[in-house]
Amino acid sequence: MGVDLVFQIAAIGIIVAVLNQVLIRSGREEQAMLTTLAGLIVVLFMIIGQISTLFDTIKSVFNL
Amino acid sequence: MDILQIIGIGIIGAVSALLLRSQRPEIALQITLAAGVVIFLSIAVPLSTTVSSILSLAQKYGLDTGYIGTVIRIIGIAYICQFASEVCRDCGEGAIASKIEFAGKVLILIYAIPIVEALLQMIVEILP
């Protein structure tokens, strides 16, 4: 929670970007596409957990 | 969490989103989303204490808590609709953002109608 979540997502993004470039340079475009997809899915799972807690908090604070 | 940590998270989120915007714009968006969520979650506890203190204040002085509850609910809807429409605008989806804002306005109107009705009734009673 907190800053480390932002750092984790940034780290995943940088790793996926570098991997993507490496794979594209070595001629494997489709695997580059797959790594991008994988990175995105991992980040989405982390974010969706945080967003569900956000919505629950908002529901409890504003008793929507 | 004091304000300096929140500012730190915001700046770090903005910088890392900028870093990734050229290569992977979709993950850059996730970073801005994560920063927004983290900032709100860190401010949620003091926010809930202020809301409950407002409600207890209203009860203590005999104000009708129904209307204040509605006002707080309207603030909640306004906040979450603004959060979602800003995220959509970050993605470049202005159309979806305006749809969300429109839906938010309609919902706020629905909550506001009983208050307006009570106000009109009061005015009618006051007039001779």
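The values are calculated or read from the model by the stated rules, or taken from the named source; none is laboratory data. Everything numeric here is computed off the predicted structure, so don't read it as measured data. Glycine also receives a Cβ, built like all others from the backbone with ideal geometry; neighbour counts cover every protein chain displayed.
With the structure loaded, tell me whether A:I58 is surrounded by 13 or more Cβ atoms within 10 Å (Cβ to Cβ), over 18 Å from the mean Cα position of the chain (by Cα) and at the interface with chain B (Cβ under 9 Å from one of its Cβ atoms) or whether it fails that test.
Numbers: surrounded by 13 or more Cβ atoms within 10 Å (Cβ to Cβ): yes; over 18 Å from the mean Cα position of the chain (by Cα): yes; at the interface with chain B (Cβ under 9 Å from one of its Cβ atoms): yes.
Taking the combined requirement at face value, the residue satisfies it.
What number goes with the only condition from (1) assigned to a helix (DSSP H, G or I); (2) in contact with a helix residue (DSSP H, G or I) (Cβ under 8 Å, 6 or more places away or on another chain) that B:P46 does not pass?
Failing condition for B:P46: (2).
Residues in the stretch B:20-40 that are without any contact (Cβ under 8 Å) to a residue 24 or more places away in the chain and either buried (at least 18 other Cβ atoms within 10 Å of the Cβ) or more than 7 Å from every other protein chain (Cβ to nearest Cβ) (or both): how many?
Final tally of qualifying residues: 11.
Check B:I75, B:I31 and return the single one that is outside the structural domain of B:A112 (by TED's automatic domain parsing) and at pLDDT 90 or above. Before you say what the answer is, go through the steps one by one.
Working: B:I75 fails: outside the structural domain of B:A112 (by TED's automatic domain parsing).
Exactly one residue qualifies, and that residue is B:I31.
Identify, from the list B:A58, B:A84, the residue that is modelled with pLDDT of 90 or more and either out of contact with any strand residue (DSSP E or B) (no Cβ under 8 Å at 6 or more places or on another chain) or of a type in the set (G, A, S) (or both). Break it down stepwise before answering.
Working: B:A58 fails: modelled with pLDDT of 90 or more.
One residue alone meets the criteria, B:A84.
Please count how many residues of the stretch A:1-52 are small (G, A, S) and either surrounded by fewer than 16 Cβ atoms within 10 Å (Cβ to Cβ) or not in a helix (DSSP H, G or I) (or both).
7
Check whether at least one residue in the stretch B:81-94 is within 7 Å of another protein chain (Cβ to nearest Cβ), polar (S, T, N, Q) and part of a helix (DSSP H, G or I), and report yes or no.
no
Applying the selection to the stretch A:2-47, what residues are at positive phi and within 11 Å of chain B (Cβ to nearest Cβ)?
Scanning the stretch A:2-47 gives a single hit, A:G2.
Inside the stretch B:46-94, can you point out the residues that are in contact (Cβ under 8 Å) with a residue 40 or more places away in the chain and either of a type in the set (S, T, N, Q) or on the phi > 0 side of the Ramachandran plot (or both)?
B:T70
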